[in-house]
1. Local charge sum around S19 (other residues, Cβ-Cβ under 15 Å, Lys/Arg +1, Asp/Glu -1)?
2. If each of L22 and R48 carries a label point 7 Å out from its Cα toward its Cβ, how far apart are those two points in nm?
3. Rounded to a whole number of µm²/s, how large is the Stokes-Einstein D of the chain at 25 °C and 0.890 mPa s, given Rh as the Kirkwood radius over C-alpha pairs?
4. Would you mind finding the longest exposed-site-free stretch of the chain, with exposed trypsin sites (Lys or Arg not before Pro) meaning DSSP loop and at most 15 other Cβ atoms within 10 Å?
5. Rounded to the nearest 5, what % of DSSP beta bridges with both residues in the chain are antiparallel?
6. Count the lysine pairs in the chain whose Cα atoms lie under 25 Å apart, taking only pairs 8 or more positions apart in sequence or on different chains.
7. To the nearest 20 Debye, how big is the dipole of the chain about its Cα centre, given +1 on the beta carbon of each Lys and Arg and -1 on that of each Asp and Glu?
Amino acid sequence: ETKEWTVLDRLGRFQPLHSSPLQAHESFAFFDESRSRGADLKLLRTARALVTIGPKMCKDKLMQAAGRMRMLGRGQGLEFVGTPEVTQKVMETLGQGWLGTLTSRELL
């Protein structure tokens, strides 16, 4: 298992990020739970992250996921997606009258 950032091309070949012809604006990064703690990849200022939330996810893991975005609030942003079970639990916690858009404030 490599410890450097790699790029997977359309033919299924991996190559080191530094030798890839791919430009940052043409790509996306995937951080999975088992390999993302401490990961530091410089992302574009306008990068958006999609954080998936499952029923047993704890706050520490959520914060680790969000923490990959080093420029949150300064151009970078997060989007959250959860299972129907998670969505229902959040809505129950907020109460019947909640009609607003869910943000990170409601999730935390």
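1. Numbers: positive: R13; negative: E4, D9.
Value of the local net charge: -1.
2. Taking the two extended label points, one gets 1.9 nm.
3. D = 153 µm²/s.
4. Numbers: sites that count: K3, R10, R13, R37, K42, R45, K56, R70, R74.
Here the longest run is 75-108.
5. Looking only at bridges with both residues in the chain, the antiparallel portion is about 30 percent.
6. On the way: K3/K42; K3/K61; K42/K59; K42/K61; K56/K89; K59/K89; K61/K89.
Summing the qualifying lysine pairs gives 7.
7. Dipole magnitude for the chain comes out near 300 debye.
We did not get these values from a lab; they are worked out from the coordinates using the rules stated. As the structure is a computational prediction, the values presented were derived from the model and not from experiment. FYI the Cβ positions are ideal-geometry reconstructions off the backbone, even for glycines, and counts take in every protein chain you see.
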